[in-house]
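Here the structure comes first, spelled out in structure tokens, and everything after it is commentary.
The values are calculated or read from the model by the stated rules, or taken from the named source; none is laboratory data. As the structure is a computational prediction, the values presented were derived from the model and not from experiment. Here Cβ is always computed from backbone atoms with ideal geometry, including for glycine, and neighbour counts include all displayed protein chains.
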Amino acid sequence: MDPITALLHDVLEDIRPHDDGAPAGYIPELAAADPDRLALAVVGPRGRVRAVGDVTHEFTIQSISKPFVLALALADRGRDAVLRKVGAEPSGEPFNAISLEPGTGRPANPMVNAGAIATSALIPGDGVDDRMTRIVEGLSAFAGRSLWVDEQVYASESATGDRNRALAHLLRSHGIIEGSVEIAVETYFRQCSLLVTVRDLAVMSATLAFGGLNPVTGERVVSEAVARDVLSIMASCGMYDYSGEWLLRVGLPAKSGVSGGLLAVAPSQFGVAAFSPRLDEHGNSVRAIALLETLGERFGMHLL
Ligand code: DON
């Protein structure tokens with residue numbers, strides 16, 4: 001084992017005994033997750049992947065899809081067009097809050113559900129299939145391998161997605177969504193249901209860390225300007241109503257998801273990701289946060 005993998009292994013085993021929190025309960029398929037899964041991965045500038053724990057275990061990407069779909073919307077539509085439909089301010093509210101700006105009806109930011117649904121509605125394409133083709137291609141390029149949708153989780157999300165549908169109807173009432181609400185919201189449910197491993201998330205994170213260039217495949221996925229915009233929004237809004245405290249403690253742009261994934265980006269240095277399904281009251285993974293806090297302290301990763 002090389003020294004960095006050995007260090008990751010030590011950090012993982014230090015954190016393993018923490019057993020606070022529980023898997024997300026509001027989507028039946030997520031509630032069935034094995035709470036003891038645990039994994040950590042890091043990808044450096046030359047694209048070397050180091051991963052420990054349940055490295056091949058697949059889980060749905062959930063909200064971690066949001067910054068990457070934002071990247072595609074920025075690439076396809078430009079920053080001004082995106083900002084007309086969704087803001088860039090932390091909401092300080094839970095991920096499923098209404099969080100619409102008074103007057104304009106713009107969602108606070110693209111990381112809360114309302115903002116993510118507005119962002120998915122900006123992806124070009126006539127129907128869900130067209131838009132998903134772009135999203136699957138784009139997110140697969142970030143990950144460096146072909147991703148696909150877990151149809152069972154998608155069906156579970158769609159069957160229990162009344163709150164997200166309500167948010168989407170509100171967005172349409174304000175003219176934020178101009179086309180079909182159903183297409184926007186089903187696209188969003190499908191993007192959340194893409195399967196990834198902790199390794200995939202670390203490669204996706206590294207692609208943002210290296211200005212949109214995937215260090216494993218060498219592919220330019222988005223421009224440096226797009227990668228920078230996405231990281232800026234992740235820094236202020238990526239951890240929902242824990243974003244401020246996260247920036248204080250760990251000091252890196254990050255994004256979490258309700259299946260227990262978490263990625264953080266050390267610009268120009270590395271991408272890192274962790275996975276553990278037990279969540280705290282914000283919907284963030286307890287042990288993934290603990291892993292990144294510990295790594296951050298050992299590596300001195302805080303940007304500020
Ligand atoms: O919108 C939802 O309910 C989920 N499909 C995704 C939310 C999510 O991951 C929020 N994260 N903590």
- Query: What are the residues in the stretch 81-117 that are within 13 Å of the ligand (Cβ to nearest atom) and of a type in the set (A, V, I, L, M, F, W, C), if any?
  - Reply: Phe95, Ala97, Met111, Val112, Ala114, Ala116, Ile117
- With respect to Leu252, is the statement that it is of a type outside the set (Ser, Thr, Tyr), within 16 Å of the ligand (Cβ to nearest atom), not in a helix (DSSP H, G or I) and not assigned by TED's automatic domain parsing to the domain that holds Arg79 true? no
- Item | The lone exception for Arg298 - which of (1) at pLDDT below 90; (2) among the charged types (D, E, K, R); (3) surrounded by 18 or more Cβ atoms within 10 Å (Cβ to Cβ) it fails | (3)
- Task: Examine the stretch 258-281 for a residue that is among the hydroxyl-bearing types (Ser, Thr, Tyr), assigned to a strand (DSSP E or B) and crowded, with 19+ Cβ neighbours inside 10 Å, and state whether such a residue exists.
- Result: no
- Selection status of Asp241, away from the ligand (no atom under 14 Å from the Cβ) and not in a strand (DSSP E or B): no
- Task: Kindly indicate whether Asp150 is outside the structural domain of Val198 (by TED's automatic domain parsing), among the acidic types (Asp, Glu) and either touching a residue at least 24 places away in the same chain (Cβ under 8 Å) or farther than 30 Å from Glu219 by Cα (or both).
- Result: yes
- Message: I'd like the full set of residues that are of a type in the set (Val, Ile, Thr) and within 14 Å of the ligand (Cβ to nearest atom), limited to the stretch 136-165.
- Response: Val149, Val153, Thr160
- Task: Can you give me the number of residues within the stretch 186-202 that are within 12 Å of the ligand (Cβ to nearest atom), outside any helix (DSSP H, G or I) and among the polar types (S, T, N, Q)?
- Result: 1
- What residue, of Ala290, Ala274, Ala266, is hydrophobic (A, V, I, L, M, F, W, C), in the same structural domain as Arg37 (by TED's automatic domain parsing), out of contact with any Leu (no Cβ under 9 Å at 6 or more places or on another chain) and more than 15 Å from Ala22 (Cβ to Cβ)? Ala290
- Just a yes or no: is a residue in the stretch 203-219 over 22 Å from Asp129 (Cβ atoms), in a helix (DSSP H, G or I) and within 12 Å of the ligand (Cβ to nearest atom)? no
- Note on the structure: Exactly one of Leu252, Leu262, Leu213 is at pLDDT 95 or above and in contact with an Asp or Glu (Cβ under 8 Å, 6 or more places away or on another chain), and that residue is Leu213
